[in-house]
Each structure stands twice: as C-alpha cells, then as structure tokens.
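Q: Got a structure for you, questions after.
The values are calculated or read from the model by the stated rules, or taken from the named source; none is laboratory data. Quick caveat, the model's predicted, so the values are computed rather than measured. In this analysis, Cβ positions are derived from the backbone assuming ideal geometry, glycine residues included, and neighbour counts consider all displayed protein chains.
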Amino acid sequence: MVRKVNGRAGGFTLIELLSALLVLSILGLMSYRGLGAVLDTREHVRAEAEKWRRTEAFFVRFARDIQLVAPRPVRSQSGTSAAWIGRPPPTSDALLEFSRFASTEGVDQARRVGYRLNDRAEIELWLWPGLDVAPAALPVRYPVLGGVKEFELQYLGTSSSWTGLWPASPADPPIPAAVRLRIVLASGEELVRVFALKS
C-alpha cells in the first residue's frame, strides 16, 4: 500500500529558481560595474600621478639649468649675443636663451640652453653644442613637458619690476635677479614658480 504525502515534494519551483538567478545576475552586474569603476579610478590616478611626476621633473630640470647660468655673452653668426636673452611671445626662436656652466658632476659641458613652447603643446629644451657655436650649428631640441597650453617667463630687473623682455634696457645686468615661470596645463591647472638667480 502506497501512502500519499500531503504537501509539496522537496526542491525548488521554477519561479524560485528564476528569482534566485535574477538576484545573482543583479549582484554580478553590480560587482562588474563596481570593479569597472575601481579600475577606471586607478587608471585616472595613475595618469594624474604621471602628469605631476613629469611636471615636477621639468621644474627640477629648469631650476638646475638656471642655477648654472653663466654671465658670459656668446659669439654667434650675427655677432655677440647676451648671456641671458628673454624674448616675449610669440617668437620662432627660443623664448629663453642663456649661457650655462658645466655641472659639478661632470656629466655635461658648458653650453647655450634655450626653452620654447612648440606647436604640439610641448615645452622644448634647446641645447647648442657649446657656448660659442659655428654659424651653421643648430640646437638639438628635446620635448621636456607635454600637454602645456601656455608658457610664460618674466624677469626681475634692478627696478624690482617684472618684465617679459631681457635685457629690457642697456643698463640691465647680464642676468636678471629672478625669473618667474608660469605654465598652464592642457587640463587647466595654472602653475607659477619663482627662481632666484645668482648674480
């Protein structure tokens, strides 16, 4: 004799199974979106850190170059050039051009150095082969910082005022007392640094 058991047999109904799959799908989708957000944030933080690392490396390079400035005019194709030449933009020449001593580490030599913002939104470092160069000698150009919208230099003269041109008058010393560097990055940040120079 077979006895019938009242009630439901063990297991899940189709509705319960579909409900469980729906909940698991929603949890999986939320986890995927959360992981995507974490990965996007990590990539953004990495890109920001790299941008600021490159920017700081440019400032360190610029400060090192101007601390080695030499108050020595140079002979060029057009005659004699001043030890420090600051040109107001726009110019096809270097915005800043100056004579620089060799470093004490002996890793480089005395040479003419220049900085300019090129058409690709990069600050270029111009390096001539030496101080007094041959008429046909051109500087080697290296991009040292990309993503720059504006690059501006001003110089502190004996009248304690800033000017965008150096030498501004024949009475100016060979080297300004300080240089103020202002850059605006393509991402919108404006950075201003002031560097005192050894006279």
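Q: With the structure loaded, tell me whether LEU125 is touching a residue at least 40 places away in the same chain (Cβ under 8 Å), surrounded by 15 or more Cβ atoms within 10 Å (Cβ to Cβ) and farther than 18 Å from THR91 by Cβ or whether it fails that test. Explain how you work it out, then say what you get.
A: Details: touching a residue at least 40 places away in the same chain (Cβ under 8 Å): yes; surrounded by 15 or more Cβ atoms within 10 Å (Cβ to Cβ): yes; farther than 18 Å from THR91 by Cβ: no.
No: the conditions fail for LEU125.
Q: Another question about this same structure. Which residue pairs have Cβ atoms under 8 Å apart, sit 6 or more places apart or on different chains, and have a first residue in the stretch 161-183 that is of a type in the set (Ser, Thr, Tyr) and a second that is part of a loop (DSSP other than H, G, I, E, B)?
A: As it stands, the answer is THR163/GLY157, since those pairs meet every condition given.
Q: Among the listed residues ALA186, ALA94, identify the single one that is over 24 Å from SER76 (Cβ atoms), in contact with a Gly (Cβ under 7 Å, 6 or more places away or on another chain) and aliphatic (A, V, I, L, M).
A: Working: ALA94 fails: over 24 Å from SER76 (Cβ atoms).
After applying the criteria, what remains is ALA186.
Q: Determine whether VAL38 is within 32 Å of the chain's Cα centre (by Cα), of a type in the set (A, V, I, L, M) and under 21 Å from ALA186 (Cα atoms).
A: On the way: within 32 Å of the chain's Cα centre (by Cα): yes; of a type in the set (A, V, I, L, M): yes; under 21 Å from ALA186 (Cα atoms): no.
No.
Q: Just for the stretch 72-99: of the residues that are at pLDDT 90 or above and of a type outside the set (S, T, N, Q), which one is surrounded by the fewest Cβ atoms within 10 Å (Cβ to Cβ)?
A: Of all residues in the stretch 72-99, those at pLDDT 90 or above come to 84-87, 95-99.
Going one step further and asking which of them are of a type outside the set (S, T, N, Q), we end up with 84-87, 95-98.
Numbers: TRP84: 25, ILE85: 20, GLY86: 21, ARG87: 18, LEU95: 22, LEU96: 23, GLU97: 23, PHE98: 29.
Within the stretch 72-99, the match that is surrounded by the fewest Cβ atoms within 10 Å (Cβ to Cβ) is ARG87.
Q: Another question, if that's okay. Find the strands (runs of 3 or more DSSP E) located wholly in the stretch 55-151 whose residues include 1 or more that are among the small types (Gly, Ala, Ser), and list them.
A: Working: elements: 74-76, 79-81, 84-86, 96-100, 111-117, 122-127, 140-146.
Per the criteria, 74-76, 79-81, 84-86, 96-100, 111-117, 140-146.
Q: Further question: Looking at the stretch 155-170, can you tell me whether even one residue there is touching a helix residue (DSSP H, G or I) at 6+ places or on another chain (Cβ under 8 Å) and β-branched (Val, Ile, Thr)? Steps first, please.
A: Start the filter on the stretch 155-170 by keeping residues that are touching a helix residue (DSSP H, G or I) at 6+ places or on another chain (Cβ under 8 Å), which leaves none.
No, that holds for no residue.
Q: Provide a single number: the residues in the stretch 179-199 that are among the basic types (Lys, Arg), exposed (fewer than 15 other Cβ atoms within 10 Å of the Cβ) and not in a loop (DSSP other than H, G, I, E, B). Talk me through it step by step, then tell me what you get.
A: Taking the stretch 179-199 as the starting set, the residues that turn out to be among the basic types (Lys, Arg) are 180, 182, 193, 198.
Going one step further and asking which of them are exposed (fewer than 15 other Cβ atoms within 10 Å of the Cβ), we end up with 182, 193, 198.
Now drop any that are not not in a loop (DSSP other than H, G, I, E, B), which leaves 182, 193.
Matching residues across the stretch 179-199 total 2.
Q: Filter the stretch 61-71 down to residues that are crowded, with 16+ Cβ neighbours inside 10 Å and of a type in the set (A, V, I, L, M, F, W, C) and give me whichever is farthest from the chain's Cα centre (by Cα).
A: ALA70
Q: Report whether or not LYS4 is farther than 26 Å from PRO143 by Cβ and either at pLDDT 85 or above or assigned to a loop (DSSP other than H, G, I, E, B) (or both). Even if it seems obvious, please write down each step before you answer.
A: Working: farther than 26 Å from PRO143 by Cβ: yes; either at pLDDT 85 or above or assigned to a loop (DSSP other than H, G, I, E, B) (or both): yes.
Judged against the criteria, LYS4 is a match.
Q: Another question about this same structure. May I ask you to verify whether LEU156 is in contact (Cβ under 8 Å) with a residue 60 or more places away in the chain and among the aliphatic types (A, V, I, L, M)?
A: On the way: in contact (Cβ under 8 Å) with a residue 60 or more places away in the chain: no; among the aliphatic types (A, V, I, L, M): yes.
Judged against the criteria, LEU156 is not a match.
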